[in-house]
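Chemist: The structure follows.
Every number in this text was worked out from the coordinates using simple rules, so none of it is lab data. Since we're looking at a predicted model, the values are computed, not measured. With ideal geometry, Cβ positions are generated from the backbone for all residues, glycine too; neighbour counts draw on all protein chains shown.
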Amino acid sequence: MKLHPQQEQLLTILKKSQNNPLTIRELQEELGLSSTSVVAHHIKQLEKKGLLKRDPANPRQYAVVDEDSGVRITYLPLYGLAQCGPKGSILDNDPIDKIAISSELVRFPMDEMYLIKARGDSMLPKISNGDVVFVRKSKLAENGDTVVCVNDGEGLIKKYQQDKKQVVLSSLNSEKYAPFTAAGDFRIEGIVKGVLSYRF
């Protein structure tokens, strides 16, 4: 694919800085351009060509698609289950890593997906401590879905169940962890769509 020289340079910078995304102003300085509007123009062109995907809610959160090998690779952010503020989101925190994922493995738009590093043993045997969990962004869930959520200021992975009066969150490791009623700040961050285990 033929790219403008500045777009090639911009793509190289974006790849190198994925773990610490640069601002438009910083990109302007790196490229030696006269204005931020030129940077914004080249970013939009890279998006149109399918080489860059940005999160509309957070423009600094992006994924570079690498087509050099003939396989579409997207670098997805990996988040931890960090503490969140009263109205905070897991996605407000900085990613702890970026992981290259083949677009062929995902059956929905890659810009709707992010990764979570699981913590603890509450979702055994399906999800173990340290596993990478594939999550599709969503604010809604159906009964029985495994969700990534914020509850009482804490990021969690739980099984979701709602009746007319309340939301109940439960663990798969039910012998060790009892179900509990969702707190007032409960909100869904996404639906679990797969697990990459590092157990050998």
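Chemist: How big is the C-alpha Rg of the chain next to the rule-of-thumb value 2.2 N^0.38 Å, as a ratio?
Modeler: Dividing the Cα radius of gyration by 2.2 N^0.38 Å gives 1.16.
Chemist: Next question. Where Lys and Arg each count +1 and Asp and Glu each count -1, what net charge lies around LEU33 among other residues with Cβ under 15 Å from its Cβ?
Modeler: After counting each charged neighbour, the total is -2.
Chemist: Please report GLU8, GLU30 as a ranked list, fewest other C-beta atoms within 10 angstrom at the top and most at the bottom.
Modeler: Arranged by neighbour count, lowest to highest, GLU8, GLU30 become GLU8, GLU30.
Chemist: While we're on this one: Students often get this wrong, so check it: of LYS139/LYS176; LYS15/LYS159; LYS49/LYS139; LYS117/LYS137; LYS15/LYS49; LYS87/LYS137, which have C-alpha atoms separated by over 26 Å?
Modeler: In this structure, LYS139/LYS176; LYS15/LYS159; LYS49/LYS139 exceed 26 Å between Cα atoms.
Chemist: If you don't mind, another one. Length gain on complete extension for the stretch PHE108 to ASN129, per 0.36 nm per residue less the alpha carbon to alpha carbon distance?
Modeler: Extra length available between PHE108 and ASN129 comes to 5.0 nm.
Chemist: Taking the beta-carbon count within 10 Å as an exposure proxy, list GLU112, GLU175 from fewest neighbours to most.
Modeler: GLU175, GLU112
Chemist: In nm, give the distance between the simple-model label positions of SER89 and GLU29, each being 7 Å from the Cα along the Cα-to-Cβ direction.
Modeler: Result: 2.8 nm between the two label points.
Chemist: Using just the helices of the chain, give the 222 nm mean residue ellipticity in deg cm²/dmol: DSSP H runs with n ≥ 4 each add -39,500 (n - 2.57), and the total is spread over all residues, rounded to 500.
Modeler: Helix-only estimate at 222 nm: -5000 deg cm²/dmol.
Chemist: Under the 0.36 nm per residue contour assumption, what length would be gained going from the current alpha-carbon distance of GLN166 and ASP145 to full extension?
Modeler: Between GLN166 and ASP145, full extension yields an extra 6.0 nm.
Chemist: Any chance you could run the full-extension gain for SER37 through ALA100? It's 0.36 nm times the residue separation minus the Cα-Cα distance, nm to one decimal.
Modeler: Separation in residues times 0.36 nm, less the Cα-Cα distance, equals 19.8 nm.
Chemist: For the chain, what is the charge dipole size about the Cα centre, in debye to the nearest 20, if Lys and Arg each add +1 at the Cβ and Asp and Glu each add -1 at the Cβ?
Modeler: I would put it at about 360 debye.
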